[in-house]
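Only one structure is covered here, and it is reproduced in the block below.
Bear in mind these aren't lab numbers, they're just calculated from the coordinates by the rules spelled out. Predicted, not measured: the structure shown is a model, and the values here were computed from it. Methodologically, a virtual Cβ is constructed for each residue, glycine included, from the backbone with ideal geometry; neighbour enumeration extends over all protein chains shown.
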Amino acid sequence: MKTPRFFLGTILLFWGWQAEILWIALILALILESARTMKTRFELAPSDFNKFVDISTVLLAGTIVVALTMEAQKANLILLKFLPLIFFPIIAAQEFSAKGRMDIKSFFLVARKKVEMRFYETREIDVSYIYAFFCIMSSALANAKGSLYFFSVALFFVWGLWQIRSRRVPLVGWVLCMLMVILLGYEGQTAVRAIGRTISNRIMSYYARYHTIDPFKTYTALGEIGDLKFSDEIVLRVSFDDYVPGKTYLLHSSTYNRFSASNWFAKSGFERIEGKNNNTFWQVNPSADNPLKMTQYFRLQKGKAVLSLPPGVMDISEMKAGECEKNAMQVIRIEDGPSLIKAVVSYTGSSVYDALPEPDDMFIPIKERPSLEATAQKLGLENKSEEEILKTIYAFFLSEFTYSLDLKGKGKSQTPLENFLFNTKSGHCEFFASATALLLRQAGIPARYATGFIAHEYSTLEGRLIVRLRDAHAWTKVFVNGQWRNFDTTPPSFLNLDSEKIPTYFLEDILSFFGFKLSQLRHETGAKLMETYGLWLTLPLGLILFLRLRKAGQIKRIKDISRPGKMKMRKEKPTGFYRIEEILVQKGFPRYPYETYATWLKRISRHLDDKDMMDHFFLVLEQHNQWRFGKPEPLNTQKALANNW
Amino acid sequence: MMKARFLYRSYFFFHSVSFWLKRHITSAGAMIMVIFILTAIFGLNMFKTTLYQAMTVSFSALCVSAALSLKPFRLKVRVKHILPPYATVGEKVSYSVEITNLTLKPQKGLILYEDTADPRPDLKTLLTKKEPYEHIRNAWDRKTLYYRWAWLVLKAGKASLKPIKLPDLLPGETIRVTSDFVPNYRGYIHFTGVTFARPDILGLFMRLFCIKKTEKLLVLPKRYSLEPPDLQSKRQYHPGGVNLASSIGNSDEFMSLRYYRPGDPMRNIHWRTFARTGELVIKEFEDEFFVRYALILDTFVSPEREAVFEEAVSIAASYVASIRSHDSILDLMFVGHKIYSFSSGRGLGGSEKMLEILSCVEPCQDKTILELRPALESGLKQISGAICVFTGWEKEHEEITRMIKEALVPAFIIVLAADASKKEDIIEKTRRSDQKIRVVQIGKVLEELSTL
């Protein structure tokens, strides 16, 4: 069934408006609607339709490649957005074809090849409603707020269903039914949205509770970093301007300030950072003089990542992301973007931008207090200056504690931390950092717990520092002299111990580097090439189009007399007798191909008892013949006679 | 066998489901259902797209329409089919249906579906028959038997009949609607009734009302306008004339009288002599001489040569239709489950009967054309000329040709070839034969046989 007039045009304009490519949509709409006005049609054979389907397939493949190269994460969305444009050749071919329908076989390459094996009949379909649906689907991607999309879709439904409405019931009945459809639909979409939100919240809370690698988590449990240490997977590739062999860097990811039941929590809210230069430049903090530079490459996890950055980040450039947010503790997280992200970071090297201490930065859980008080007393922290306290604590952990990746739990002590301080005196970075932070708080110095990575391994293969999962680290942020600074009490030998415990494999590293280089080629070089030379890609596409259409040069252009339009030739105008024939055929008196009008009328006169009417028919036929084969004047008389009947 | 039974049951079930859906859901309803499914899949991420809103609109349209279609639908109409006497494969057939509304209520927007006999084959047919292109299909297609099933269903259905949109049916009014279709396969189309469908207000779902009515239409094989071959044949002596001819017995030419012998027909008793002498004396008539042709059809083809067989049947049907039946007799001989031999002409039954037989002839795979030898041996003496339509050229065909030649019967032999290369091969093979043989490529019958 054909779409009503202006239906496709309007739906295309709606798509153009929503997808913000109105001028393209306008051109497409004008082309399609002109098909209904123009009398010119093309005689397209099934093989010609195949060519138009091929053009759309090439466009589809091209769009997929471009979308994957530009923004892999959003490739499906980009593809959906341009569906009406991609499939335009097919709908245009159908609309301008004499047949007005397409052989279903054209859409299946296998079916086309198996033409000699066909014993079934040709099935032709009208793709205009399918195309209209593609437009509706693409428009939905604009994600318009409010009810605009809903009511537009409802309008198109009403418009489409209008022509198939039942004539059994009065119009009012149909209108009432449609109103019911819209009302139910509206209530339904409200309910679906509410259900969707509930489900989404449930899933999020499930992930927050059980999924340990969610980068947006607002708490961490002791032992989580210890788990990460058992993997040698490369997660970050960094290069620093001021790198000298042997230098290590703490790359900060998250900061937590409230400790409770072996968990660190952060309750700081995130604020959006406005992206510049097409969402590639992010001004995180005000600029300062003499910034240091660092470049890093990393991958997104489920489209999200918390950045691991040196202290005092001012801005991040060359980072393509959909969203970028930061909190008061300088935790920066991003959402959406290519699978491999490059970030060039300008930083000061000191935590000048961290929020000033809060009551939480001094909080010690009641359970931990006895052990911490005892330790503080033992170290005599009470009457010491801030610098002295730091030195004492550092020396205390260095001399009396050893590094170990084995978790001992709480043993016979009340808490794992107490067990660490008094019994085992051995643990990994999380225990050192937690104990340090709480000891500092006990001594009256605000402290926070920070997690991230330590970059220390220089890869000669890659020519930059590589950071593995096992380099995950926790340390303390301490507020001294009116400024936050990093304070790491984990014995420095831990890096060697980690390396010994978790060996790396050269082959794995080579494979990882190869994968990285491929991604870099795709996202960095490829995207750049696409931006610079993307338009040139249209050249081979255009060439293919030209070649296909040149082959299609044999397509015949014909005039479709059944279509409305101005006609100069009077003989093409349907006469009164044609109308009589039409009615009689409808009444079940078909004229066989071998019959002349006269023999046909004679034959059917046996079934029609009305002699006067038959005489009338013969009179009109006489007039018709005179008009058809003689002078055209009697047309009016003939029409009058036909009308009388 | 287990697998085949499972496949058969699945196809059987899905055919029923698809038939039910086609009858209960309009194309617009199917489109909205597809929209609903696609929007439900792609609109899952409600935070990225608003497609779920289109899903709810389509779903509510389906719900409202389904609810509206629950209203019962009863009709009181009289239906009369006006079918043509015959249809021909590949040619458009027009037929009319007369419907009278017997109620006082007008009926609007009805759709008429023709019901035909269930085209689904039984398991045995599915396992034994082979579709024409099976030998070139891939292993998966051959294993799943889907194409075989589809082919058998289409073949049994003969043609796909379009639904007819009926004009408004006023109380007591009779309307006549005309529709057409193109039969794809020969044989009988069995009409089992009609189904009236009434779409709901929105036009997405339909309620049905069925009327049982059995009728059948014969689809004849495709025929070419071929001139009968000039076999330069002569009239042959046929002792006793043609049995079962319209004037029973021998010709009307009186020859002599003789004494009655048991078994002589009563009507030939010369009653006057019996009255005078009391002896039973019988009138003897001249035996008949007339032209009798044999049309030998080769039905021994493998499934992949179905097209060749259909062409052979078409050629045979063309000759049956072209040979004038009032001055000659035509014997059609072929082998099916057994040897068949039918005669037509000179009052023995019209060519229509023979065309009907040809419409229903099926290829035979478990026998050879040599099965016809006994029938030919006895029949060749009476035959003035033979037209042989062979689907290939093998030793058996040579043997039959030799037999005809030895009986001094002029023959017109046509051998069909599937394509140009096969035609060359057959021409090469038949070069040795003494008989003149025409090798005809399928699809080019008219041009190749007309130029003879």
Taking only the Cα positions of segment B:1-158, the convex hull volume per residue in Å³ is 216 Å³
Between the modelled labels at residue A:521 and residue A:586 (7 Å from Cα along Cα→Cβ) the distance in nm is 6.8 nm
Chain B - Debye-derived log10 I(q)/I(0), Cα point model, q = 0.07, 0.10 Å⁻¹: -0.55, -0.91
Helix B:351-360 vs. chain B, principal-axis angle (Cα, 0 to 90°, nearest 10): 50 degrees
Can you report the principal axis dimensions of segment A:390-468 using only the alpha carbons, biggest first, rounded to whole angstrom? 48, 29, 21
FRET efficiency estimate (nearest 0.05) - Cβ-Cβ, residue A:461 to residue A:159, R0 60 angstrom: 0.45
Add -39500 (n - 2.57) for each DSSP H run of 4 or more in chain B, then divide by its residues: what number comes out at 222 nm, to the nearest 500 deg cm²/dmol? -10500 deg cm²/dmol
Find, among the GluC sites (Glu not before Pro) in segment A:340-392, those assigned to loop by DSSP (not H, G, I, E, B) with at most 13 other beta-carbon atoms within 10 angstrom. A:382
Considering the options B:163, B:132, B:319, tell which one lies farthest towards the positive end of the dipole of chain B, charges being +1 on Lys and Arg and -1 on Asp and Glu at the Cβ, about the Cα centre. B:163
note: segment B:156-227, Cα-Cα separations exceeding 17 Å make up a percent value of 62 percent
Taking the convex hull of the Cα atoms, report for segment B:112-200 its projected area averaged over all directions, in nm². 8.5 nm²
The answer for the net charge of residues other than residue A:600 whose Cβ lies under 12 angstrom from its Cβ, with Lys and Arg +1 and Asp and Glu -1, is +2
Listing B:200, B:298 by rising number of other beta-carbon atoms within 10 angstrom, fewest first, gives B:200, B:298
Net lengthening on full extension, residue A:323/residue A:42 (0.36 nm per residue, minus Cα-Cα): 96.2 nm
Relative contact order for chain B using alpha-carbon pairs under 8 Å, separation at least 6, rounded to a whole percent? 13 percent
Can you tell me what the convex hull of the Cα atoms of segment A:318-375 projects to on average, as an area in nm²? 7.0 nm²
What is the calculated FRET efficiency for residue B:427 to residue B:395, with r their C-beta to C-beta distance and R₀ = 22 Å, to the nearest 0.05? 0.80
Using Cα atoms only, what is the angle between the long axis of helix B:306-322 and the major principal axis of chain B, expressed in degrees (0 to 90) to the nearest 10? 50 degrees
How large is the direction-averaged shadow of the alpha-carbon convex hull of segment B:34-107, in nm²? 9.6 nm²
What's the extension gain from residue A:578 to residue A:197 if we count 0.36 nm per residue and subtract their Cα-Cα distance? 130.9 nm
Based only on the alpha carbon positions, what is the Kirkwood hydrodynamic radius of segment A:427-493, in angstrom? 13.0 Å
Let's test the formula: R0 of 56 Å, r as the Cβ-Cβ distance of residue A:358 and residue A:21. What FRET efficiency results, to the nearest 0.05? 0.70
A 27 angstrom limit on the alpha carbon distance is what I want to check against. Which of A:81/A:304; B:129/B:367; B:222/B:429; B:92/B:216 exceed it? B:222/B:429
Working out 0.36 nm times the residue gap between residue A:385 and residue A:606, then minus their Cα-Cα distance, what length gain in nm do you get to one decimal? 67.1 nm
Check: chain B dipole with +1 on Lys, Arg Cβ and -1 on Asp, Glu Cβ, in debye: 1960 debye
